[in-house]
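Engineer: Structure in structure tokens, see below.
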Amino acid sequence: QVQLVESGGGLVQPGGSLRLSCAASGTIFGFSIYRMGWYRQAPGNQRELVASITRGGMTNYVDSVKGRFAVSGDNAKNTVYLQMNSLKPEDTAVYYCNAIMRGGTPVKTLDYWGQGTQVTVSS
């Protein structure tokens, strides 16, 4: 079984910065992490992909965070980070870590989620 443990959320003023971390533990025989990323969900909104990074280093961002957020990963530690700069009140949400694992024959995809960490941007 795989578990994702997040840390780094909190309260920050507009324009401030936060860094989220997510470490994956556990293994599934024949499977490896393909992609890790961050989603967020604000009250009344659908969960949206914020940023992701593949094991090969390819990144993807939602338009609203481009130029402000940076996702990075440490493959050796199965850890993904989200550096959030120039935070805005509209970034307020619960941020969820996600890991996609692939493996098996035929190839299967497994999806894992963290418990979520609150990010609040307010003065």
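Engineer: Can you list the lysines whose alpha carbon sits under 18 Å from that of K66, skipping same-chain ones fewer than 8 residues off?
Structural biologist: K88
Engineer: With every protein chain left in place and a probe of 1.4 Å, what is the accessible surface of L49, to the nearest 10 Å²?
Structural biologist: About 40 Å², rounded to the nearest 10.
Engineer: Plugging the Kirkwood radius over Cα pairs into Stokes-Einstein for the stretch 5-64, at a temperature of 10 °C and a viscosity of 1.306 mPa s, what D comes out in µm²/s?
Structural biologist: 114 µm²/s
Engineer: What ratio of Cα Rg to 2.2 N^0.38 Å holds for the stretch 70-123?
Structural biologist: For the stretch 70-123, the normalised Cα radius of gyration comes out at 1.49.
Engineer: Would you mind getting me the FRET efficiency between K66 and S17? Use the beta-carbon distance for r and R0 = 22 Å, nearest 0.05.
Structural biologist: So the FRET efficiency works out to roughly 0.85.
Engineer: Rank S21, S86 by accessible area, highest first, at a 1.4 Å probe radius?
Structural biologist: My answer, sorted largest first, is S86, S21.
Engineer: Quick one: in the chain, what % of C-alpha pairs are over 18 Å apart?
Structural biologist: Here the long-distance tail beyond 18 Å is 49 percent of all Cα pairs in the chain.
Engineer: For the stretch 18-29, just list the computed ³J(HN,Hα) in residue order, Karplus coefficients 6.51, -1.76 and 1.60, θ = phi - 60°, integers in Hz, with x standing in for Gly and Pro.
Structural biologist: Values, residue by residue: 9, 10, 9, 10, 9, 10, 9, 10, x, 9, 10, 4 Hz.
Engineer: Enumerate the amide H contacts of T92 below 5 Å, restricted to partners 5 or more residues apart or on another chain; note that Pro and chain-start residues carry no placed amide H.
Structural biologist: Amide H neighbours of T92: V121.
Engineer: Can you work out the FRET efficiency for the pair F29 and S7, with r the C-beta to C-beta distance and R0 = 22 Å, to the nearest 0.05?
Structural biologist: Taking R0 as 22 Å, the efficiency between F29 and S7 is 0.20.
Engineer: Tell me, what HN-Hα J-couplings in whole Hz come from the Karplus equation 6.51 cos²θ - 1.76 cosθ + 1.60 at θ = phi - 60° for each residue of the stretch 51-62, using x for Gly and Pro?
Structural biologist: Rounded to whole hertz, the list is 7, 8, 9, 8, 4, x, x, 6, 10, 8, 9, 6.
The values are calculated or read from the model by the stated rules, or taken from the named source; none is laboratory data. Just so we're clear, the structure is a prediction, and the values are computed from it rather than from any experiment. Cβ coordinates were reconstructed from backbone atoms using ideal geometry, including for glycine residues, and neighbour counts include every protein chain displayed. All accessible areas refer to the heavy atoms of the entire protein, side chains included, with ligands and DNA or RNA removed. Shrake-Rupley method; radii C 1.70, N 1.55, O 1.52, S 1.80 Å.
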